[in-house]
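Asker: Mind looking over this structure? Questions follow.
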Amino acid sequence: MNKKISILIILVAIIGIYGLFYVAVTNVLMPMELDSFKNDLNGMPQLPVNNNSTINDLENSADIIENNPSLKYMSQSQRSEMANQMRHLNSPPIGFLNQNFTDYNNFYTSSVLAYKLIGNGTLANEISNLSSITNNLTSLTNESAAIDQKSANDFENGDDKAYAEDLRSSANNLKQYNKVMEDLKTQLQKIINQLGG
């Protein structure tokens, strides 16, 4: 008899704790995160981040340089000076602050677990998908920095063909960046909708 009562007390305690957890997630965490995700969405830059004319200019410049090689006609000192300026101006894609999304992703890891525990796996999956999108942004930003460095080196070396390819790589990177930013905006809106916003 005492064993049955003990089991019943433990069962009631577990249900009570789960109930408190459920209430805390739905009444505290969800509204707080709804505001946070809305702020993230509202803080996004105008899309597309990199306009088509910038991308077209890069592609056209690549064609011109490839069809009319001229870097070898510049003196080494001129190429070196310009390459150093390019290195100095090396920056992530236009409109993007070079953020590390690791903290952002870690912040929402506990939320994913909380939503899974209350049975809202769909919301947990949407937030997990956000992590892969932010990882793509970080990867594209790192790739952009590497392309910029290679571009400056190829310019300094007077390698027209390699420099033209670098410009094409930059244009492609900007196109990918625009797509991932669109994906980010869409994903944030999905999460907001799941949170009831």
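Asker: Would it be correct to say that residue 127 is closer than 30 Å to residue 23 by Cα and either touching a helix residue (DSSP H, G or I) at 6+ places or on another chain (Cβ under 9 Å) or open to solvent by 60 Å² or more (accessible area, probe 1.4 Å) (or both)?
Answerer: Answer is yes for this residue.
Asker: Still on this model: Of all residues in the stretch 75-91, which are of a type in the set (Asp, Glu) and modelled with pLDDT under 90?
Answerer: The answer is none; no residue qualifies.
Asker: Right, something else. Taking residue 179 as the residue in question, decide whether it is in a helix (DSSP H, G or I), of a type in the set (D, E, K, R), in contact (Cβ under 8 Å) with a residue 12 or more places away in the chain and open to solvent by 70 Å² or more (accessible area, probe 1.4 Å).
Answerer: Against the criterion (in a helix (DSSP H, G or I), of a type in the set (D, E, K, R), in contact (Cβ under 8 Å) with a residue 12 or more places away in the chain and open to solvent by 70 Å² or more (accessible area, probe 1.4 Å)), residue 179 does not qualify.
Asker: Another one. Out of 81, 59, I need the residue that is without any contact (Cβ under 8 Å) to a residue 24 or more places away in the chain, open to solvent by 50 Å² or more (accessible area, probe 1.4 Å) and assigned to a helix (DSSP H, G or I). Which one?
Answerer: Answer to the selection: 81.
Conditions tested, residue by residue: (1) under 29 Å from residue 23 (Cα atoms); (2) free of Cβ contacts under 8 Å to residues at least 12 places away in the same chain; (3) not in a helix (DSSP H, G or I).
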| position | (1), (2), (3) |
| --- | --- |
| 119 | yes, yes, yes |
| 123 | yes, no, no |
| 144 | no, no, no |
| 151 | no, no, no |
| 155 | no, no, no |
| 161 | no, no, no |
| 168 | no, no, no |
| 192 | yes, no, no |
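Asker: Related question: Pairs, please: C-beta under 9 Å, at least 6 apart or cross-chain, first residue in contact (Cβ under 8 Å) with a residue 12 or more places away in the chain and open to solvent by less than 100 Å² (accessible area, probe 1.4 Å) and in the stretch 1-29, second of a type in the set (Ser, Thr, Tyr) and in a helix (DSSP H, G or I)?
Answerer: 25/111; 25/115; 29/111; 29/115
Asker: Let me spell it out: the conditions are (1) open to solvent by 60 Å² or more (accessible area, probe 1.4 Å); (2) part of a helix (DSSP H, G or I); (3) modelled with pLDDT under 90, and residue 137 meets all of them except one. Which number is the exception?
Answerer: Answer for residue 137: the failing condition is (1).
The values are calculated or read from the model by the stated rules, or taken from the named source; none is laboratory data. All values derive from a computational prediction rather than experimental measurement. Note that each Cβ is placed from the backbone with ideal geometry, even for glycine, and that neighbours are counted across all protein chains shown. In case anyone asks, the SASA skips ligands and DNA or RNA and just uses the protein heavy atoms, side chains included. Shrake-Rupley method; radii C 1.70, N 1.55, O 1.52, S 1.80 Å.
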